[in-house]
Structure formats: structure tokens, C-alpha cells
Amino acid sequence: MSSCRTLVRASLFSLDSGRRSSHRASFSLPLRSLHFLSPPSRGLGLLRAPGGATARRLGAIPGAVALEPTEASDEDSPPESPAKDAVERLLIDREDVTQLMKMERRPAIGDPGGRWFPYLDRFRCGASHLSSGEVLEALDPLIMDVRKERFRSAVRNRSYSVCLVVEGLCDFGNVSAAFRSADALGFQSVHVVSCDSSKRYRENRHVSMGAEKWLDIELWDSTQECFRLLRSRGYRIATTHLATDAVSIYDMDWSYPTAIVVGNENRGISDEALRLSDLHCSIPMKGMVDSFNVSVAAGILMHHAVCDRTSRLGCHGDLTTEESQILLAEFSLRHSKSAISIAHEYARRRDATPVSKL
């Protein structure tokens, strides 16, 4: 009997050892082999391997072979160890925000009686310029068909009729999360007022998942300046605030151009913003607490706005055909670092080609 137990234990030990050795063998393969065995993930940067070892997902490992050609966007996946968080850098350096937008923009002050769309049908290439159609023609070979369809789908569901304003947020993680929700729900325009740049929050690009790259972000030093411009563009300004005069978000008509304002994590909306806004709104809550995390509140507000607009208008996205083409060209120019140089080369060759006089 003792020999039987010994034999059983030896067999189990051999089986367990075989399993462990097979796991070790799977992680000792070259990176190129691993990448084809497992598609890249754009979620968490780390995963737990069998036996407690920690391995990076292949989508974040420099040198791994991509399943798609290298034309894929340079900034879709969060960097492994960013020297400075992308969202933080954008909110501190206005020049970075300006450079993010490629097509020429209209004057910041809009026509209150007109429809607001920020871009002109023109991309400047030195002394020359390209139309949105020419930009798309120039960049067509650069972008894979699946990526182009992703752009078209996003543009179809984009709108400038409702925009998000974040006032005085000091946690860049919350700002990043709000950006991600805005992009996911089809809000193209985001405004940031007086962000506290004295604090430093790292790795927030993992929170935003690169959403800031596809948004139109405008920075403001004062609430009054921001609200004045929004009104010139035809927006009513709705601040989120718990008060007796607050309107439930479920009773609002979101087909009307609206700027949704969310406030600081601790103090909420500033007194100045409350005074200057057109109305106060609130999210009905049924529990013991009377507030949401600010990024959660922003997500709920935007999601309800999309649902309400869809029920009233048939869809949230409301860009015209011309506006859609211009925004599609804008996305294409933001696609990769080489897109700009390719567009400039296209313009140079076009200008160098003699024009037929027939």
C-alpha cells in the first residue's frame, strides 16, 4: 500500500512538473512567435502569467511584430512609461492643444444665430493649402480600410450640438476619464477651465485610452471667458448643481445646443459659474449619498443627452455631409505622425504639376 501511495505521489508530481515546464516554455518563446499566438490587447498593460510571473501584454512591448502594418496610429495605445502624461501635458501647454487640431479653424467667436462647426475646408501646407477631399485622397494609401471605416463610423455619430465643460478639476485622472466618455459617446468638443496644473498625476493616459487625440479641446483661464464664447456659438449653459431650482436632466430637451458644466471634485461648481449659467440641472439619486464622482456624473449626463437626442431626432450625430468630410480629413491627419508630411508632399507635387489650359 505504501508503495502505491508513493507511486501515486510520484505520478502527480511528474504531472505537475510537466505542466509547470510547459508554462515556462510558452513564455520563453521569442516575442515574434508570442505575438502571433496571442493578439495584442489595448487594455491593462500587465497580465499575470501562470506561476505568478508578470508579463507585459504584447501590444505594449516595443519590438513586437504587429498583426497590422505599421501605418496604424502612433498614439492609440498608451505608452509603456510616459515621461509626462499626455492629458496633463495638453492641459498645461496650450500650444500642444493647438497643434493637435490640423485643419484650419474658424474664428473662435461664433454666430449666435448660426450653426457652430469649428473647421474650414482647408489644410494649410506652407504657402499652399489642401481641401478636405484632397487630404483624404493624399492619405488614402496610408490608412487601412478597417481604420477608415472606424473613422467613418465615429464621424457619423459625432456632434458639436452638445459639449462638455470641466471647471476647476485638479485630478487629471478625472479629466482623462471624462475625455474617454466624451469620445465614446460622440461628443467632439470639450472645454477645460482653470485646471490646477500644480498637481501631478501619472499614467492617466491609461484612463483616457488616447481619447484626447480625437477630441477638440479648448482651454480657458476664466469661467466668464469660456461662457461668453459658448454663448456666441449658440449654446445654453447648464451647470450641474443640487439646488431647489435645479431641473432634472430627464426633463430637459437635449436637442437644443447645450454646454454641460461639471465642477471641482471637492467644491463643485464655482459661484461664478452658477451665477453666469442659464440653468441648473441635477441627476436624480435614490440612495443615501447625494453626489457622484465627477467623471461618473459627466458620463451619466452625456449618455442621457445622447439617449434624449436619439429619441427626439433619430440619432445623436448631426454633422452635414460637408462637415463630415472635413472632420474625416481632420481624423486622417491626426492618424499618425507621417500623415502631415505626406499631405505636404502631396501639395508640393500638385503645385509642381503644370495645369492644362484646355
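Where a number appears in this text, it was derived from the coordinates with a stated rule and is not lab data. Predicted model only: the values in this text are computed from it and were never measured. Note that each Cβ is placed from the backbone with ideal geometry, even for glycine, and that neighbours are counted across all protein chains shown.
For segment 160-176, list residues with backbone N below 16 Å from a point placed 7 Å from the Cα of V247 toward its Cβ?
The answer is 162-163.
Going by amide H atoms built from the backbone, whose H comes under 5 Å of the H on V165, apart from near neighbours?
For V165, whose amide H was placed from the backbone, the distant partners under 5 Å are H191, I260, V261, V262.
Within the P(r) computed for segment 93-189, what percentage of the Cα pairs occupies the region above 24 Å? Kindly include the intermediate steps, with their values, before the conclusion.
Details: 1698 of 4656 pairs.
Here the long-distance tail beyond 24 Å is 36 percent of all Cα pairs in segment 93-189.
What are the principal axis extents of the Cα atoms in segment 204-281, in Å, biggest first?
38, 29, 27
How much net charge surrounds Q188 when only other residues with a Cβ under 9 Å from its Cβ are counted (Lys, Arg +1; Asp, Glu -1)?
Numbers: positive: R158; negative: D183, D216.
Every neighbour counted, the sum reads -1.
Please compute, for the alpha-carbon atoms of segment 259-358, the extent along each of the three principal axes and give them in descending order in Å.
That gives 75, 33, 26 Å along the principal axes, largest extent first.
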